[in-house]
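Q: The structure under discussion is supplied below as structure tokens; questions concerning it will follow.
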Amino acid sequence: LTKDSPPIEPGLLTAETFSWKSLKPRDLVLKIHTYATKAIMLRLPVGRHMLLIAAHSPVGYSLHVCSTATFVIGDEDVVLPNFELESYRFTEQSLTILRAVGNVIASFKDKAKLPVALKALQTAHYPVPLHDKELTAQHFRVFHISLWSLMKKAQVTKPTPNLKFAFRAMVLDLDSFDSSLEEVSLVECVDIKYSVPVNDRDYSPVEVAAATKIQALWRGAYVRLLMRARTPDTKENACVADILQKVWALMEMTIEQYAIYLLRLMFKSKCKSIESYPCYQDEETKLAFADYTVTYADQPPNSWFIVFRETFSVPQDMILVPKVYTTLPVCMLHVVNNDTMEQVPTVFQKVVPYLYTKNKVGVKFVLPVYRMAVRSQSLTVAPGEGRADIFSIY
């Protein structure tokens, strides 16, 4: 370089927070200007983070990133699979809950240890008191139903009535396991309202009073039986403890897998109490994605064609973000709800993050190449490949 050389722009490196859920401007967390070499420290709060790093230099640059914690850096194909996995805090929280369940089962026949184990279990799955009776009841209902689903999953065969009785003795919850709720989803259970069954027949007051009295007597006898099974040094308690220990032996072999399944079930319930878990903040970066790749043959000039037109089912409400990768110069993805025939909004010819609701006919993804894009070329469009990544955000 000489005095007469034109000025050289400094190198620039930026790091911004990134989220698939929103189109809002990203928050800048790091910025470096330098003509030579420069280092800077970035402190991130506890949790899982996704940062978009961009570097620019008129000559060239070499980037070194070091951290005291495990991290992954690279393009989308390298980084995104790591966000399909559960975060460290989520896994730790789930293991804490399931180990507390195992401690209750191990202490079920010990009169001194059982109350302590039950208190520890409550602290594990209900760490922050909500001071709301209705929300607290919903939380415990979600936890009990999720735990029961986990125990059913651990069984090779269909759960026996003895297992259901043993589980009820452990959690002392009768309402969440009514036979009418066996096939109800967790989301529905959060807002379910119990009602008296409606029958076409008109019952007399005497019949209603008799049925009510029989139900009350049976419920009282059943609750007393559960309390005996909950009390150590009784025959019922020893029987229940043996049943629970057999189930725990199956879950303990792959405890992390079952623990994640339990906590993920609770998160799927959408109960507001779940937001009190510290690991709930990591859901901002939790996603799942699938690649959809198609090939197209050579196309003549002055024509248009469709790269792909496919219908995808939406089994439950979810936020989806489709992205298209192709070498074609001008193309635009269209997404249409087949139930309402409404098109998903776009911004700058890109489909925005959108809440897709559960529907019957599915959602259609269409990627046409417009006539104008091909007419601008004098040669035939060569065979190629188009790829669509569909991101599902939790």
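Q: Does the range 13-36 include one or more residues that are touching a residue at least 40 places away in the same chain (Cβ under 8 Å) and assigned to a strand (DSSP E or B)? Before you say what the answer is, go through the steps one by one.
A: To start, the set of residues in the range 13-36 that are touching a residue at least 40 places away in the same chain (Cβ under 8 Å) comprises 13-14, 19-23.
Now narrow it down to the ones that are assigned to a strand (DSSP E or B): 13-14.
Checked the range 13-36: at least one residue is touching a residue at least 40 places away in the same chain (Cβ under 8 Å) and assigned to a strand (DSSP E or B).
Q: Right, next: Output the number of the condition that residue 98 fails; it satisfies all remaining conditions of (1) assigned to a loop (DSSP other than H, G, I, E, B); (2) open to solvent by less than 90 Å² (accessible area, probe 1.4 Å); (3) under 24 Å from residue 255 (Cβ atoms); (4) not charged (D, E, K, R).
A: The single condition residue 98 does not satisfy is (1).
Q: Still on this structure: Give 336, 321, 361 a once-over and let me know the one that is modelled with pLDDT of 85 or more, assigned to a loop (DSSP other than H, G, I, E, B), aliphatic (A, V, I, L, M) and under 27 Å from the mean Cα position of the chain (by Cα).
A: 361
Q: From the residues in the range 79-95 that are in contact (Cβ under 8 Å) with a residue 60 or more places away in the chain and surrounded by fewer than 15 Cβ atoms within 10 Å (Cβ to Cβ), which one is nearest to residue 19 (Cα to Cα)? Walk me through it before giving the result.
A: Taking the range 79-95 first, the residues in contact (Cβ under 8 Å) with a residue 60 or more places away in the chain are 80, 83-84, 86-87, 89-95.
Filter again for surrounded by fewer than 15 Cβ atoms within 10 Å (Cβ to Cβ), leaving 84, 92.
Numbers: 84: 14, 92: 24 Å.
Restricting to residues being in contact (Cβ under 8 Å) with a residue 60 or more places away in the chain and surrounded by fewer than 15 Cβ atoms within 10 Å (Cβ to Cβ), the top hit is 84.
Q: Being in contact with a helix residue (DSSP H, G or I) (Cβ under 7 Å, 6 or more places away or on another chain) and loosely packed, with under 15 Cβ neighbours inside 10 Å, is that true of even one residue in the range 322-333?
A: Yes.
Q: Looking at the range 339-354, I want the residues that are open to solvent by 90 Å² or more (accessible area, probe 1.4 Å) and have a partner that is modelled with pLDDT of 90 or more with Cβ atoms under 6 Å, at least 6 apart or on another chain. Which pairs are those?
A: 343/336
Q: Let me ask something else. When the range 45-75 is examined, which residues are found to be surrounded by 10 or more Cβ atoms within 10 Å (Cβ to Cβ), assigned to a strand (DSSP E or B) and aliphatic (A, V, I, L, M)?
A: Correct list: 51, 52, 53, 55.
Q: Consider residue 101 carefully, then state whether it is within 27 Å of residue 236 (Cα to Cα) and of a type outside the set (Ser, Thr, Tyr). Give the steps one after another, and end with the answer.
A: Details: within 27 Å of residue 236 (Cα to Cα): yes; of a type outside the set (Ser, Thr, Tyr): yes.
Spelling it out, residue 101 is indeed within 27 Å of residue 236 (Cα to Cα) and of a type outside the set (Ser, Thr, Tyr).
Q: Next question. Give me the pairs: first residue in the range 243-260 and within 18 Å of residue 148 (Cβ to Cβ), second residue among the acidic types (Asp, Glu), beta-carbon distance under 9 Å, and six or more apart or on different chains, which are they?
A: Once the first residue is within 18 Å of residue 148 (Cβ to Cβ) and sits in the range 243-260, its partners that are among the acidic types (Asp, Glu) give 258/252; 260/86.
Q: Please identify the pairs in which a residue from the range 119-133 that is outside any loop (DSSP other than H, G, I, E, B) and among the β-branched types (Val, Ile, Thr) has its Cβ atom under 8 Å from the Cβ atom of a residue that is at pLDDT 95 or above and open to solvent by less than 50 Å² (accessible area, probe 1.4 Å), counting only partners at least 6 apart or on another chain.
A: Final answer for the pair search is 123/100.
Q: State all residues of the range 271-304 that are of a type in the set (A, V, I, L, M, F, W, C) and surrounded by 17 or more Cβ atoms within 10 Å (Cβ to Cβ); if no residue qualifies, say none.
A: 271, 274, 279, 287, 289
The values are calculated or read from the model by the stated rules, or taken from the named source; none is laboratory data. All figures in this text were calculated on a predicted structure; none of them were measured in a lab. Quick reminder, even Gly has a Cβ in these numbers, built from the backbone with ideal geometry, and neighbours come from all protein chains shown. These area figures cover heavy atoms from the full protein model, side chains too; ligands, DNA and RNA do not enter into them. Shrake-Rupley method; radii C 1.70, N 1.55, O 1.52, S 1.80 Å.
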